[in-house]
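For reference, the structure discussed in these notes is given below.
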Amino acid sequence: MTSRDEPRLADAAEIAAEHGLTPARISGLYTSRTPNAAGTPFPETAGQRGRARLWNHADVTAWFAHRGQARLRSHTPPARDPQELLNAAEASRFLGYKNPNQVTTYVRDHPGYFPAPDHVEEMGTADNPYRRLQWRVQTLTDWMATRPGRGKRTGATRSAPALPDVPLDGDPDELLGATQAAVLLGFKSVNSFSSSIAQGNLPHLATPDALSEKGGRRRWTRRRILDQAAQRRAGR
């Protein structure tokens, strides 16, 4: 436990989840000593958890509060039919991202940050199925107006939904989803959990034990999650 006088430390996965970025991007901001709009370089590290760098959470929050986002803020999307459906790559370009995979990254690594698709088309074959996700232009423009990181907007909410209570002493072979795993591992949000996996900080859970029949969502046994939780505590 951290005492009240000790600063809260956060790794790249946790910081990335809070600011809608990837863990690799956070590491890049640090290694390049990227300055924010006030000219302040990205904060120095304040510790380490295993191989993961740790930063003073308050320092990073203050840095992001003065971070310039001029390019995206000044981007004016092209005029399109509000009901037109765009795939992930088209949506990325419409929103002004240079990386055509940006929307795909949001959906995969930051559940809840980007809006759910308006249309999902099941494609492929029985042996190799895949889904094509599409968003209406209106959905994308609404998100641009209230996206996290642009400041509080009227009618916008940025608080993550409360996580449920998950018992430690349940069936060790029961398959649990990301939300339940996040609780047992001590994360404050599913976003932080998903980002930590993407960064490689949860090696026991890198490969799921099963995928759900609907949507192919990852599932792990309670035993593996608790083993990972014990290793995570030992590395603090």
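In this structure, does GLN180 turn out to be in a helix (DSSP H, G or I), over 28 Å from GLY47 (Cβ atoms), at pLDDT 80 or above and not β-branched (Val, Ile, Thr)? Yes.
Scanning region 16-43 for residues that are modelled with pLDDT of 80 or more, under 24 Å from PHE114 (Cβ atoms) and not in a loop (DSSP other than H, G, I, E, B) gives ALA16, PRO23, ALA24, ARG25, ILE26, SER27, GLY28, LEU29. Contact map, region 15-40: first residue open to solvent by 30 Å² or more (accessible area, probe 1.4 Å), second residue outside any loop (DSSP other than H, G, I, E, B) and among the acidic types (Asp, Glu), Cβ cut-off under 7 Å, separation 6 or more or different chains; pairs are THR22/ASP109. Within region 60-80, the set of residues being in a helix (DSSP H, G or I), among the hydroxyl-bearing types (Ser, Thr, Tyr) and at pLDDT 75 or above comprises THR61 only. Just to verify a result, which residue in region 97-139, among those that are crowded, with 16+ Cβ neighbours inside 10 Å and charged (D, E, K, R), is farthest from SER194 (Cα to Cα)? Out of the qualifying residues, it is ARG136. Taking the criterion of being more than 16 Å from ALA10 (Cβ to Cβ) and touching a residue at least 12 places away in the same chain (Cβ under 8 Å), the only residue of region 41-66 that qualifies is HIS66.
The values are calculated or read from the model by the stated rules, or taken from the named source; none is laboratory data. Bear in mind the structure is a predicted one, so any value in this text is a computation, not a measurement. Every residue, glycine among them, receives a Cβ derived from its backbone with ideal geometry; neighbour counts consider all protein chains shown. Areas reflect the complete protein model, heavy atoms only, side chains present, ligands, DNA and RNA absent. Shrake-Rupley method; radii C 1.70, N 1.55, O 1.52, S 1.80 Å.
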